[in-house]
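No value in this document is a laboratory result; all are computed from the given coordinates. Computed from a predicted structure; not experimentally measured. Methodologically, a virtual Cβ is constructed for each residue, glycine included, from the backbone with ideal geometry; neighbour enumeration extends over all protein chains shown.
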Amino acid sequence: MKKIVLGVMVASMALTLVASTSFAAKKKGYAEGSAGAGSISGTVSLKGAAMAPIMENLAKGKNVELCSKHPKAKDGIRPRIKVSAAGGKLKDAVVFIEEIDGGKPWGDGGKFTFDFKDCDITQLMGAVRKPSKAEKKAGGLVKVINHDTDTLHNPHGYSVVGASRKTLFNKPLPSKGDVADVTKNIARLKQKKDKHFFLQCDQHNYMEADARIVWNPYYAITGADGSFKIDGIPAGKYKVTAWQPYVGSSTVEITVGDGAAKADFTLTAK
């Protein structure tokens, strides 16, 4: 009887150890190491016409004297552009590797500062990430800065999933030079749920910016010509996605060796 009980106990301990090891492996996430010799480059194109700009009447909001002087405003009307494309090439699309166990160090990847200036957000598209425990304590990973004199801005950050929004932070910045370090708030992100970060000023709701929530440093944001390049990739086969929050996404499978791989994407306008 003792042998049977002992055997059951050993088996139970073994199962617990396996389950614990499996859980730890799942929790580990991306491992920083050495960069690979491969790269992926290409372009993201837009099929169809980009959505028309939203024409914002700045005379109807707060801080009219300052906000109406925005460089892109004409007679108090400013275009709010959600999708930017020229010659069929899509600007501000984020291209990223979906899943990769490890590779190059994060460096400044996923570190981002949003500048509130002239009643606008200078960076319309970015990439942010969940901080490590050390980064959560130290701060500085994601910040918002008010550059406007005598103007209250109220950055409100969300994780967007479909039609629902989850508030991550809501920080008033009443004076020029005020900084909201939201690194601790971003630590609430969950890999299986959170993909789209949206930032808006509660005082001037036409001030908007977007970011892709990334889980590894292998990503790039397309320029005005729709081009991108992701480098330092270890050899392997990967799913690579091009994403723009107001157009959609497209995913392809790419095999990367020690040289340059090519990947072109086409997203269809809504």
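Descriptive notes on the structure:
- Alpha-carbon centroid distance for the pair segment 61-105 / segment 108-170, whole angstrom: 14
- Extension gain (nm, one decimal) between ALA224 and ASP75, 0.36 nm per residue minus Cα-Cα: 51.0 nm
- Sorted peptide list for 215-226, 102-113, criterion being average Cβ within 10 angstrom, highest first: 215-226, 102-113
- If the chain linking HIS196 and SER249 were pulled fully straight, counting 0.36 nm for each residue of separation and taking away their Cα-Cα distance, it would gain 17.9 nm.
- Label sites at ASN57 and VAL160, each approximated as a point 7 angstrom past Cα along Cα to Cβ, lie 2.4 nm apart.
- Principal-axis analysis of the Cα atoms of the chain puts helix 2-28 at an angle of about 20° to the longest axis.
- Between ALA235 and VAL179, the modelled labels are 4.4 nm apart [label points 7 Å from Cα along Cα→Cβ].
- Base-10 log of normalised Debye intensity for the chain (one unit scatterer per alpha-carbon) at q = 0.12, 0.13, 0.17 Å⁻¹: -0.81, -0.93, -1.37
- Of the residues ASN63, ILE97, PHE116, the one whose Cα sits farthest toward the positive end of the charge dipole of the chain, with +1 on the Cβ of Lys and Arg and -1 on the Cβ of Asp and Glu, is ILE97.
- Summing Cβ point charges (Lys, Arg +1; Asp, Glu -1) relative to the Cα centre of segment 105-217 gives a dipole of roughly 980 debye.
- For ALA269 and LYS137, the FRET efficiency from 1/(1 + (r/R0)^6), where r spans their Cβ atoms and R0 equals 41 Å, is about 0.40.
- Cysteines without a disulfide-compatible partner [the chain; Cβ-Cβ under 4.7 Å]: CYS201
- Counting Lys and Arg as +1 and Asp and Glu as -1 over every other residue whose Cβ lies under 14 Å from the Cβ of ILE40, the net charge comes to 0.
- Working ranking of peptides 47-53, 144-150 by packing, defined as the average number of other Cβ atoms within 10 Å per residue, highest first, is 144-150, 47-53.
- Under 11 Å from a label point set 7 Å out along the Cα-to-Cβ vector of ASP108, no amide N atom of segment 219-237 is found.
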